[in-house]
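Visitor: One structure is given below, represented as structure tokens, and several questions about it will come after.
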Amino acid sequence: PRPGRARATWAIGPDRSRARPRSHRSPPRTRAQHRASLAPASAPRRSAPRAMASEAAFALSDAAFREKVQAALQAARRVLGDARAPLRYAGDAAHAYGDKFAIVAAAVGAAAASELAALRAVGLSNELLTQALEWQRAGKTVTLQLDGAEHCTPMGHRIRVEESPNLTETVTEERSGGPFGFGQKTRERSVSVRREVKEWVWAVSAEWKLRLFTGAAPDDAGGACVMLAGRASEPVELVTGNETSPRPKEAPLWVLHLDVTWLLRQVEKDMSIRFEIDRAAKDCHTPARNAQVSAAVEHFQCAAAFAGGLKRTMRGICSLDPEQHRHAAGWVPGWLPYGGDDKFARHAAAVASGVYIAVPAALALADGRAPSKSAGSASPAADAPCADVVAAVRVVLPRADSDDVELMSDADMSTLLGESMRSLESLHTQIGRKAAASPRPNGPCSAAEVWVGAAVGSFLYDVATSVVSAVSDVEDMLRRQVAAAVGRTLTEQDFTECMAFHCRSLFGPAYRPRPFCYAVRRPGHAPEGELSICGDGDSKPIETMVATRLGDGSRPVPPMHVKLSASARLAFTGDRYVHGIVRHAFSSSGALRLHLRARARQFSCFVLVAGTITAADEMTPVAALLVRDKDDLDIPLVLDAIPTQKEFRDAIESLSPEQQEFCKGLRAMQLASTLFGVAVIQVKPQLERLLNLPPDALTKEIKLTRDLMTLFTKYQMPSDLLSYGGDADARAKDKMDAVRSQVAAMNEMIAEEKKAEADEAVLQRRFEKGVVGSFDEQMDEGGCRDDLADLEQVFTATRMKRSAPPPPPPPPPLFC
């Protein structure tokens, strides 16, 4: 392999399998399971994070897979013998980062070789493999399909005589005569009951086919098709007590598909399997997150779904003959009758039966120094593999990046794959021998169905789940090593703090990210409040890149306009800041959530305006709030993501010109409102300008400022009634006295208006009660005291009513 690429090569030798029948079928399943069993040849390829996230449905738990690896290593030591250097799990041995790519390549390559061996076990000969490779190299999609049907035909009815077991009864007879003229005689007799039972007999059989084809379907005239295995079983009798058919006359099986194009793409002209990881590609991030491994994981996920459907199909066919099926449960360990609880026996058929899985052993590393070999300690398999094994499998594995670590050698992997094929062949012989001694070896439940379902299906399922677990384990190995290096599991907050630390080292003080936190203050005065933007669930402000333009007079700042209404437009100047945030997050992180927080101090107030910047000099407000007297506001910001420029261009590529223009115009409107803006307007300086007062005149006038805010906000008082209108060169004290007197006059007028409204309300109430006379006369005559007495009586009666015990319940009704 050239530098920067990991490669694994397997060469499959002559076909050693004998011609024997194969079988396929699947019982009814859910729609989701059916979709999972289909290999989406034309479906878009999922990204690496999404593919790795979906592996949880196929992979075993971490502890279970670790036990599986240890069991595979123990079997490997037993097969290889003592001449081999000790094998250790890669996570427990020192190795380089590049060794992880080699481990993943070795695991995927071993799984591909094992899958091809499973296809050979169901009838894929060298000639058929060569033909399938020609189809694939011609650019055609090659699909493995299982289909078939179940048949149920009537054979007539018959009469069966049932005889109950013999019953013994005692009979007593009376008789006359004898010395006394009467007597009794007792004897026993056997009684049985016979009855005729009418039975209907049905002939139940099944047929299935396992085929490789190109095109839309096996029978497509434009494609090609070859038969791997198939069988039409002999019918078995099914007896019922009525003439209703127990099964449909012809019920097609669920059709299972598996796209094997990826597998054939790994096979070279010399019949070797080559799997490579392009480490130089831009999308190659880790040993598991790259295009090559993602495609392999997706294929083996589909292979696991196909193998699971294959196992269920064969079990459903065998259930047509219940007696034979119960007999077949002892042919292969873990092969349960249809409908049994196989929760703990999902992988038992391939493991307990002795079929060796070589994929987990690819995660093993060995010391660079092999132990010294003593006389008689070497295993024949380790010194010189037998001729059959060498002819069956030849392996070329990638080399390790570290000189101190040795990956599994070519001869060792050849031996392990040869052992896997040998154990699979031994299981086939065992099934054939036990099936020959069964009551009905040619019925629906024969050696072919058990072999394909319990042996090959479980073997393929175990291979597929093992390689997916191996890829996930290598990725998890990286995570564990990083957590061990830093002392804990990293979160998004740790990532953000790490980048903030490095930004302080890389950027100068003027360009360094700063927290979004500003004090609302005038120059030379104490802060009146604080404005910040924080993350969700965090009181710490976010850090942003800031471009500042200060309105200090050296460079004039053009005014910004805010449209208050259809007839009012506000223009303001001041310091301006443009912020940009760079979010550092993991692929599993959720959407960005921010909060705008504003706080005001006691005796302070300011106006907060939030909206969007729609032009260089225009801000469209969405909300405006008056923050005053220790107010603490927390406003969540709703952020909507819009497509990127590339995503937008790809989405409108197939639209009409008119639709493209409409989408472009709508996107321009969206982009015009993507800049969020916040404006802070201080109240006291604006009041001073509005009332024609000198600067800082209201700084220490707390009561006057409150009265002014009440008049403006509550009573909507026009500013002309309160502003100073005298000599502009007058003293500040005179101006303040003038404004203060006008405010006092307005407050006095409002108090008089309130008193008049209260008197009018009292008169209105007395008029409704029918009392004559003026308000003053009624006060003199004690009318007010009468009203108060009336009110006291009403309050006393209400209080007594509330404190009285509840009335007793009514007596129950009487019924006749």
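Visitor: Students sometimes get this wrong: rank 638, 582 by accessible area, probe 1.4 Å, all chains present, largest first.
Guide: From most exposed to least exposed: 638, 582.
Visitor: Determine the gain in length on full extension of the stretch residue 429-residue 578; use 0.36 nm per residue of separation and subtract their C-alpha separation, reporting nm with one decimal.
Guide: 45.9 nm
Visitor: With every protein chain kept in place and ligands, DNA and RNA left out, what is the accessible area per residue of the range 607-741? Probe 1.4 Å, answer in Å².
Guide: Heavy-atom SASA per residue in the range 607-741 reads 64 Å².
Visitor: Taking only the Cα atoms of the range 98-151, how large is their convex hull per residue, in Å³?
Guide: 134
Visitor: Moving to a separate point now. Less than 24 Å apart at the alpha-carbon level, and either on another chain or at least 8 residues along: which lysines does that give for residue 769?
Guide: Excluding near neighbours in sequence, the set is 754, 755.
Visitor: Report the net charge of residues surrounding residue 589, where surrounding means a beta-carbon distance below 10 angstrom and charges are Lys +1, Arg +1, Asp -1, Glu -1.
Guide: Surrounding charge for residue 589 is 0.
Visitor: Greater than 20 Å separation of Cα atoms is the criterion. Which listed pairs, 140/269; 198/249; 684/714; 630/700; 209/311; 100/282, meet it?
Guide: 198/249
Visitor: If you count only protein heavy atoms and use a 1.4 Å probe, how large is the accessible surface of residue 196, to the nearest 10 Å²?
Guide: Looks like 140 Å² after rounding.
Visitor: Rounded to the nearest 10 Å², what accessible area does residue 565 show when all protein chains are kept and the probe is 1.4 Å?
Guide: Ignoring ligands and nucleic acids, residue 565 comes out at about 50 Å².
Visitor: Further question: Counting Lys and Arg as +1 and Asp and Glu as -1, what is the net charge of the other residues whose Cβ lies under 12 Å from the Cβ of residue 503?
Guide: Net local charge, residue 503 excluded: +1.
Visitor: Report the semi-axes of the equivalent ellipsoid for the range 459-587 in whole Å, largest first, where each axis is √(5λ) for an eigenvalue λ of the Cα gyration tensor.
Guide: 49, 20, 14
Visitor: What is the projected area of the convex hull of the Cα atoms of the range 224-295, averaged over all directions, in nm²?
Guide: 10.4
Visitor: At 0.36 nm per residue, and after removing the present C-alpha to C-alpha distance, how many nm does the segment from residue 769 to residue 593 gain when stretched out fully?
Guide: 57.3 nm is the gain from fully extending residue 769 to residue 593.
Visitor: Keeping all protein chains in the complex and leaving out DNA, RNA and ligands, what accessible area do you get for residue 754 with a 1.4 Å probe, in Å² to the nearest 10?
Guide: Answer for residue 754: close to 110 Å² accessible.
Visitor: I would also like to ask the following. Report the FRET efficiency, 1/(1 + (r/R0)^6), for residue 710 and residue 633, where r is their Cβ-Cβ distance and R0 is 22 Å, rounded to 0.05.
Guide: 0.55
The values are calculated or read from the model by the stated rules, or taken from the named source; none is laboratory data. Since we're looking at a predicted model, the values are computed, not measured. Backbone-built Cβ (ideal geometry, glycine too); neighbour counts: all protein chains shown. Each accessible area value is taken on the protein alone, full model and side chains, heavy atoms only, with ligands, DNA and RNA left out. Shrake-Rupley method; radii C 1.70, N 1.55, O 1.52, S 1.80 Å.
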